[in-house]
Amino acid sequence: LGHAREMAVASGVSLVIDHAAVEFLPEALDYSRQGFIPGGLKRNIEFIAGCVEFVRQPTGIPEEIRNLLFDPQTSGGLLLAVEAGEASDLLRSLARQPTGVPARDIGEVVEKTKPLIMVR
């Protein structure tokens, strides 16, 4: 969510992120469930939390997933935005690359609102 915040602030927009579409490293969720979280997570939550609202109802988004979304570590993934009408073409193009670049649509850019980032 840190990179999403930077992108939203710099572009003057808000982001809606579908937490179920975000891919995590294979064992990250298990580690998060067991309480293995990085030392910088608390600082990252304090820095970003005022900009984020978790809006999924009725059961909410589990804490272990919220922790992974706030995690300051990255595994080399990139966050980018394209015009909505170009997203499918970009995803197909990336999949056709010789190395098969894994990519997915995780949300949308919307007019700037409060909160800056909505996670559903």
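Data overview
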quantity	calculated
Meets criteria (touching a Phe, Trp or Tyr at 6+ places or on another chain (Cβ under 8 Å) and in a helix (DSSP H, G or I)) for residue 61	no
Given (1) more than 27 Å from residue 61 (Cβ to Cβ); (2) at pLDDT 95 or above, index of the condition residue 97 fails	(2)
Residues located in region 10-32, provided they are surrounded by 14 or more Cβ atoms within 10 Å (Cβ to Cβ) and over 13 Å from the mean Cα position of the chain (by Cα)	13, 28, 29, 31, 32
Any chance residue 72 is touching a Pro at 6+ places or on another chain (Cβ under 9 Å) and in a loop (DSSP other than H, G, I, E, B)	yes
Yes/no for residue 53 being in a helix (DSSP H, G or I), within 25 Å of residue 12 (Cβ to Cβ) and not hydroxyl-bearing (Ser, Thr, Tyr)	no
Failed condition for residue 5, given (1) touching a helix residue (DSSP H, G or I) at 6+ places or on another chain (Cβ under 6 Å); (2) outside any helix (DSSP H, G or I)	(2)
Residue satisfying all of: in region 43-94; exposed (fewer than 10 other Cβ atoms within 10 Å of the Cβ) and closer than 25 Å to residue 26 by Cα; modelled with the highest pLDDT among these	80
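The values are calculated or read from the model by the stated rules, or taken from the named source; none is laboratory data. Fair warning: this is a prediction, and the values are worked out from it, not measured in the lab. Neighbour counts are summed over all protein chains in view; Cβ atoms, including those assigned to glycine, are modelled from backbone coordinates with ideal geometry.
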